[in-house]
Amino acid sequence: MKRNVLYIEDNEKIGSLLKEELEQRGFSVQWLLSGEGAEKEVNQHEVVILDIMLPGLDGFTVGKRLKKAAPAVPILLLSARTSINDKVDGLQFADDYVTKPFHTDELVARLEVLIRRSGGTHFERILLGNQIEVDPEVQMVYDKRTGEEIILTGKQHQILMYFIRHPNQVLPKEQIYEAIWEETYITGDKTLMVHIHRLRQKLERHPDSPEIIETLKGIGYRVKL
């Protein structure tokens, strides 16, 4: 189920990049370059991403109007401002506040928390292959044939959820490693390969001929949804 986002950002380069990133992760995004008339759109969405520095009406004014028009729709503020006063002022009406620059993974995680808290969507189970189901709301993995939970280690779970947040994308091994271990990948390191091998043993019907976690030789991995 796509989650509907109203995104208000006047910087066309930033707006285009973030819109594309969110859409790749299963969001439906309506992007506005200013807050003019946003009150008419807000009730059609489950969450708002609002940049503070806007032409005309500033983000604080727009945010207060949106909250008045749709009190139940959560607002996430984006800003390059880091002062405590700006954060306090923003959180008078907004539900979360993220400073620029930010990592898209963190932003997506915060959006999902806001949507879940507001009751704005129901997360359906995700089917991997023919036999694995993932419940993204509680982040549990099940064998569809038996209904039993598949117990993963911490790193295995992080790797699988990273794939799910980046569906159908070819992910270089360096990118996955640095996102999970939060340290620079060293050429020749087999750590990620070992963890994916063990993850396949738990998820795949035939680990030596994987259907869920694909290897793209010399590049990385991909999980298709």
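The values are calculated or read from the model by the stated rules, or taken from the named source; none is laboratory data. Note that the structure is a prediction, hence the values are computed from the model and not measured. Neighbour counts are summed over all protein chains in view; Cβ atoms, including those assigned to glycine, are modelled from backbone coordinates with ideal geometry. The accessibility values were calculated without ligands, DNA or RNA, using every heavy atom of the protein model including side chains. Shrake-Rupley method; radii C 1.70, N 1.55, O 1.52, S 1.80 Å.
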Subject >> Rounded accessible area of LEU127 (nearest 10 Å², 1.4 Å probe) >> reply: 80
Original post:
By average Cβ neighbour count within 10 Å, what is the ranking of 208-214, 94-100 from highest down?
Top reply: 94-100, 208-214
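Per DSSP H run of n ≥ 4, the term is -39500 (n - 2.57); total these for the chain, divide by its residue number, and report the mean residue ellipticity at 222 nm rounded to 500 deg cm²/dmol. Before the final figure, lay out the partial values.
On the way: 7 runs with 80 residues, N = 225.
Dividing the helical sum by the residues of the chain leaves -11000 deg cm²/dmol.
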**OP:** Specify the angular offset, from 0 to 90 degrees and rounded to the nearest 10, of the alpha carbon long axis of helix 59-69 from the longest principal axis of the alpha carbons in the chain.
**Re:** 90
**OP:** Quickly rank 160-173, 41-54 as a protection proxy: mean count of other C-beta atoms within 10 Å, highest first.
**Re:** 41-54, 160-173
Original post:
Ratio of Rg to Rh for the chain, alpha carbon only, Kirkwood?
Top reply: 1.03
Subject >> Summed side-chain charge close to MET193 - residues other than MET193 whose Cβ falls under 11 Å, Lys, Arg +1, Asp, Glu -1 >> reply: +3
Original post:
Label points 7 Å out from Cα along the Cβ direction at GLU106 and GLU23: separation in nm?
Top reply: 2.6
Subject >> Neighbourhood charge, 10 Å Cβ-Cβ cut-off, centred on PRO55 and excluding it, Lys, Arg +1 and Asp, Glu -1 >> reply: -3
Original post:
Going by accessible area, probe 1.4 Å, with all protein chains left in place, what is the ranking of PHE27, PHE102, PHE60, largest first?
Top reply: PHE102, PHE60, PHE27
**OP:** Using a 1.4 angstrom probe, figure out how much accessible area the range 3-119 has per residue, in square angstrom, rounded to the nearest whole.
**Re:** 48
Subject >> Zone of SER118's modelled label, taken as backbone nitrogen in the range 63-100 under 16 Å from a point 7 Å along Cα→Cβ >> reply: 63-78, 91-98
Subject >> Within the chain, percent of DSSP bridges classed antiparallel, to nearest 5 >> reply: 45
Original post:
Quick one: with all protein chains in place, what share of the accessible area of the chain is carbon or sulfur, to the nearest percent (1.4 Å probe)?
Top reply: 48
